[in-house]
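The values are calculated or read from the model by the stated rules, or taken from the named source; none is laboratory data. Keep in mind that what you see is a predicted model, and the values were worked out from it rather than measured. With ideal geometry, Cβ positions are generated from the backbone for all residues, glycine too; neighbour counts draw on all protein chains shown. These accessible areas exclude ligands, DNA and RNA; they are computed on the full protein's heavy atoms, side chains included. Shrake-Rupley method; radii C 1.70, N 1.55, O 1.52, S 1.80 Å.
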Amino acid sequence: MDSRPIGVFDSGLGGLTCVKKLMEVMPGEDIIYLGDTGRVPYGGRSRETIIKYAREDIGFLRSFDIKAVAAACGTVSTNGLEEIAGDYPIPVFGVADAAARAAAELTRTGRVGLIGTRASIRSTAYDEKILRCRPGTKIFKRACPLFVPLVEEGRVGEDDPVLRMVAEQYLEELKLADIDVLILGCTHYPLIAGTVASIMGPGVKLIDPGAQTALALRRYLAEHDALSGRERGRQSYFVTDSAEDFGHAASLFLNSHVEGDVRRVSLEERYNGK
Ligand code: DGL
């Protein structure tokens, strides 16, 4: 048994898709969440900057003596996470591994779609991971850079006209590609899954990488006898910009009150270590 918390991070709200599933499948675990809201979005930045931010995010979480990290950010997971993960003495899970595996298992036609930030789509990490699990899979990709700001602005309703207009344009080519599985390759996107599903139609199954990662993390902790053994865990949230705004949006998304527990921090160079 290991009672230490699990650390989870993202650039903003998206990583809560992983937290939500973690709370569902491992209610006894303590979770420390970091949303780097002062620097969101990561998806338009260079690989070097994304790696630097990821190191600072992980360094901050490690100041709490955590037992594992979930990089609940598609952008970080496809831009250098594998290079830096080995630098830490605890397991570091990226969301792309579990999502790629799930897509490879779920597709019947071998035609898989991937949407994500510019940085995730520019990277070949997803292609490599999917092809490793299922050689010959055809992968169709599309960057959707406006989705993250829309989600961060709370424009997530299925009836939101701006979201729908943007989503219809982004998904146009993927609709013609005859895919049967679509990876929501940015952890913000499950918040707009309703809109995406209604555009893609019932023949396309959606994959939520944060949720898949929570399941993979549970398997790992169970296999390593590292579950907490508690009935109920606690969650603490940290952000690098306004705590109030994040707390409100997070409560809506998680269906629980988190306002009081959100604290603002600044990520300094001191968190850059291993
Ligand atoms: N939620 C993140 C991702 O999965 C980050 C999006 C962003 O900051 O651009 O890619």
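Working from label points 7 Å from Cα in the Cα-to-Cβ sense, the residue 232 to residue 198 distance is 3.6 nm. Note on residue 169 and residue 46: the extension gain reaches 41.8 nm, defined as 0.36 nm multiplied by sequence separation minus the Cα-Cα distance. Think of it as helices only: each DSSP H run of n ≥ 4 in the chain is worth -39500 (n - 2.57), and spread over all residues that comes to -12500 deg cm²/dmol at 222 nm. Here's the thing: no lysines lie within a cross-link span of residue 20, going by alpha-carbon distance under 16 Å and ignoring same-chain residues fewer than 8 apart. Note on residue 87/residue 133: beta-carbon distance plugged into 1/(1 + (r/R0)^6) with R0 of 22 Å gives a FRET efficiency of 0.30. Extension gain for the segment residue 24 to residue 261, taken as residue separation times 0.36 nm less the Cα-Cα distance, is 83.4 nm to one decimal. Note on residue 4 and residue 176: the extension gain reaches 57.2 nm, defined as 0.36 nm multiplied by sequence separation minus the Cα-Cα distance. Pull out a ≥ b ≥ c, the square roots of the eigenvalues of the alpha-carbon gyration tensor of segment 193-267, then state rounded if a/c is under 1.5, prolate if not and a/b is larger than b/c, and oblate in the remaining case. Oblate shape, in that a/c is at least 1.5 and b/c is the bigger or equal ratio.
For segment 183-250, with all protein chains in place and a probe radius of 1.4 Å, 48% of the accessible heavy-atom surface sits on carbon or sulfur. Beyond 21 Å in Cα-Cα separation lie the following of the pairs 138/205; 67/129; 52/138: 67/129; 52/138.
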